[in-house]
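Here is the structure we will look at.
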Amino acid sequence: EVLRRELSFVHPDHQRQGIAQHMVHLGLDYDQFRASGFDGITSEASSIANQTLLMKNGYEELARSKKFVSIIFVFLEDYTRSDGRPVVFPDATEAVKLMYLDLKK
């Protein structure tokens, strides 16, 4: 069994203060998860900052979305709004990554 961690972000006005580092572990009791039979935690990371943060905290990349198809970093094949407009990512992210933290290690 695997837990799914939802996306998180820190507002630009409050970045670079350690908030994201604190949030990555907030409310997570890894020993309790292991005792309950969970094998790991997955998290989708849609920004370079979040991908880097998760990797620094033991997550590994499992998969990634298709590469961007536009110079403005739009993932047309994978992420579109319900009205059909593409989602534009604000940084130089090349792919949304599915990250995994192995709790058995």
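Here are some residues: Met23, Met55. Which one is open to solvent by 80 Å² or more (accessible area, probe 1.4 Å) and modelled with pLDDT of 85 or more?
Working: Met23 fails: open to solvent by 80 Å² or more (accessible area, probe 1.4 Å).
The unique qualifying residue is Met55.
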Of all residues in region 26-52, how many are out of contact with any strand residue (DSSP E or B) (no Cβ under 7 Å at 6 or more places or on another chain), under 15 Å from Leu98 (Cα atoms) and open to solvent by less than 70 Å² (accessible area, probe 1.4 Å)?
-> 4
What pairs can you find where one residue is in region 18-42 and without any contact (Cβ under 8 Å) to a residue 12 or more places away in the chain, the other is open to solvent by less than 70 Å² (accessible area, probe 1.4 Å), and their Cβ atoms are less than 7 Å apart, with a gap of 6+ or different chains?
-> Ile19/Val10
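The values are calculated or read from the model by the stated rules, or taken from the named source; none is laboratory data. What you are looking at is a predicted structure, and each value in this text was computed from that prediction instead of being measured. Neighbour counts run over all protein chains shown; Cβ positions are idealised from the backbone, glycine included. To get the accessible areas, we keep the full protein, side chains included, count just its heavy atoms, and leave off ligands, DNA and RNA. Shrake-Rupley method; radii C 1.70, N 1.55, O 1.52, S 1.80 Å.
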